[in-house]
Amino acid sequence: MARIGVLIEAKGGEVKKTTLGALAAARRDPGEVYALLPEPNAEACHGVLRQYGADRIVTIRTPEADISPFPDVQAAALAAAIDRFQLDALLGVSGQAGRDLLARIASIAGAPLVLDCLDIDFPSGTVRKSHFSGKTTATLRLNGRPWILGIRPNIFPEKIDPRHGDIVLYEAPVPTSKRLVIREVKQGSSGGPDVSEAEIIISGGRAVGSAENFRILKECASVLGAAVGASRAAVDAGFASHALQVGQTGKTVSPRLYIACGISGSVQHFAGMKTAKVIVAVNNDLDAPIFQKCDYGLLGDLFEVVPALTRALAPAQAK
Ligand SMILES: Cc1cc2nc3c(=O)[nH]c(=O)nc-3n(C[C@H](O)[C@H](O)[C@H](O)COP(=O)(O)OP(=O)(O)OC[C@H]3O[C@@H](n4cnc5c(N)ncnc54)[C@H](O)[C@@H]3O)c2cc1C
């Protein structure tokens, strides 16, 4: 029976929603699911991990109380845990932190690594992933074990699947040298959720016109609980920071809802958001290419439509 590990990302004892999606992906295999938890507030996460399908919850302890600022120490501890529990695969979220950590783990374990996975077929040992900036998808066969897989955020919905969730304490042997230390993590300029993991995104393009005008998108985002995104034209013009850019040379996103405001719908932008479940476009040009690619199109001026949307949704948020 296969043993599938899931790298649990949590903050202050709260498991990230995207990580619950990785647990759901692991549960598609009939084997045992091991939740690997290198978090200092591990106990606070146990309940939710049991509820979402963890057969075993491995709390990783090291001589250092909190290893989160040391990516190479974290990777060494996780690679040692894979070895100790003879895991056949480790699944994580292909977000900012996951991409870095999973690559380090694969390098230590000498294991095959695939990031940005869209699907996993455990019986055939294949994964589907986005290729060439989203222009194609590739199906890859994995040779060798353990598989180290980063799943695109929000591709697998979380699923309640209560399990026993036995607690296992694992004292990981790790290197004492710390070659890398994360000293500070700065909040992105939007102040909202990270665009690559958000469930709802409202993005602005060149037509937004200025950094000041992005305020109307931020107001709508705060009512929707959304992240703010941007096209490259908006970023190049200095209206938004590069951290918000969606597309071929920006971030790849898979939200439940993507609202593109004043964005024409170039192939490069589309490459980054085409796996969104529902795409809404707000544009004042009926011939804009985005209207050929969206689920719902709103023909109108974004400076009228977006504030109207905010006003309409604000009462629902207040409830
Ligand atoms: C190698 C390469 C990589 C690239 N990577 C990226 C990338 O990662 N992400 C990305 O986004 N682009 C990328 N681009 C750029 C891409 O080709 C487009 O130039 C860019 O996406 C256009 O941005 P935009 O839609 O905001 O602007 P435009 O194409 O100028 O579109 C503006 C839209 O706003 C509409 N509009 C105008 N006024 C209003 C109004 N008042 N209300 C509503 N609608 C209005 C217009 O009708 C138009 O459709 C890349 C290009 C290259 C060559």
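In a simple Cβ point-charge model (Lys, Arg +1; Asp, Glu -1; nothing else charged), region 3-171 has a dipole of about 580 debye relative to its Cα centre. Modelled label positions at Asp301 and Ser210, each set 7 Å beyond Cα in the direction of Cβ, lie 1.6 nm from each other.
Could you give the alpha-carbon Rg of region 3-171 over 2.2 N^0.38 Å, rounded to two decimals? Write out the running numbers ahead of the final one.
Numbers: Rg = 14.6 Å, N = 169, 2.2 N^0.38 = 15.5 Å.
Against the compact-globule rule of thumb, the ratio is 0.95.
Could you compute the FRET efficiency for Arg141 and Lys178, with r as their C-beta to C-beta distance and R0 at 41 Å, rounded to 0.05? Calculated transfer efficiency: 0.65.
Residue exposure proxy: Lys218, Lys135, Lys129, ordered by other Cβ atoms within 10 angstrom of their Cβ from fewest to most, comes out as Lys135, Lys218, Lys129. When you filter the GluC sites (Glu not before Pro) in region 175-268 for DSSP loop state and at most 11 other Cβ atoms inside 10 Å of their Cβ, you are left with Glu184, Glu212. Applying a DSSP loop filter and a limit of 12 other Cβ atoms within 10 Å to the trypsin sites (Lys or Arg not before Pro) in region 243-310 leaves nothing. Whole percent per 5 Å bin, from 0 to the bin with the longest distance: what is P(r) over all C-alpha pairs of region 103-220? Calculated over all Cα pairs of region 103-220, the distribution is 2, 7, 11, 12, 15, 16, 15, 11, 6, 4, 1 percent.
Just need the relative contact order of region 177-319 here, percent rounded to a whole number, with Cα pairs under 8 Å and 6+ apart.
22
Between Ser241 and Lys17, the simple spin-label model (points 7 angstrom out along Cα→Cβ) gives 2.2 nm. When region 89-177 is described by a simple charge dipole with +1 on each Lys and Arg Cβ and -1 on each Asp and Glu Cβ, the residue from Leu113, Pro146, Val168 located farthest towards its positive end is Leu113.
Each Lys and Arg contributes +1 and each Asp and Glu -1, all at the Cβ; summed about the Cα centre of region 32-117, the dipole is approximately 60 debye. Computed from the C-beta positions of Ala44 and Asp100, the FRET efficiency with R₀ = 35 Å rounds to 0.90. The percentage of C-alpha pairs in the chain whose separation is greater than 26 Å is 49%.
Compared with the rule-of-thumb size 2.2 N^0.38 Å for a compact globular protein, region 259-319 has a Cα radius of gyration ratio of 1.20.
Exposure proxy shown here: for Ile182, Ile67, the number of other Cβ atoms within 10 Å sets the order, fewest to most, as Ile182, Ile67.
Taking a straight line from the alpha carbon of Lys251, these lysines sit under 30 Å away, with near neighbours fewer than eight places off in the same chain left out: Lys11, Lys16, Lys17, Lys129, Lys135, Lys159, Lys178, Lys186, Lys218, Lys274, Lys277, Lys293.
Measuring nothing but alpha carbons in region 7-86 and taking Rh as the Kirkwood radius, the Rg to Rh ratio lands at 0.94.
Computed over region 200-318, the P(r) tail beyond 26 angstrom holds 8 percent of alpha carbon pairs. Taking label points 7 Å from Cα along the Cα-to-Cβ direction, His164 and Ser222 give a separation of 4.9 nm. Under Stokes-Einstein, with the Kirkwood radius over Cα pairs standing in for Rh, what whole-number D in µm²/s applies to region 34-75 at 10 °C and 1.306 mPa s? Translational D for this selection: 145 µm²/s. Where only DSSP H runs of four or more residues are counted, the chain gives -8000 deg cm²/dmol as its mean residue ellipticity at 222 nm, each run worth -39500 (n - 2.57).
Readers should treat all values here as calculations from the given coordinates under stated rules, not as data from a laboratory. Only a predicted model underlies this, so the values are computations on that prediction, with no experimental measurement involved. A quick note on method: Cβ atoms are made from the backbone with ideal geometry, for glycine too, and the neighbour counts reach across all protein chains shown.
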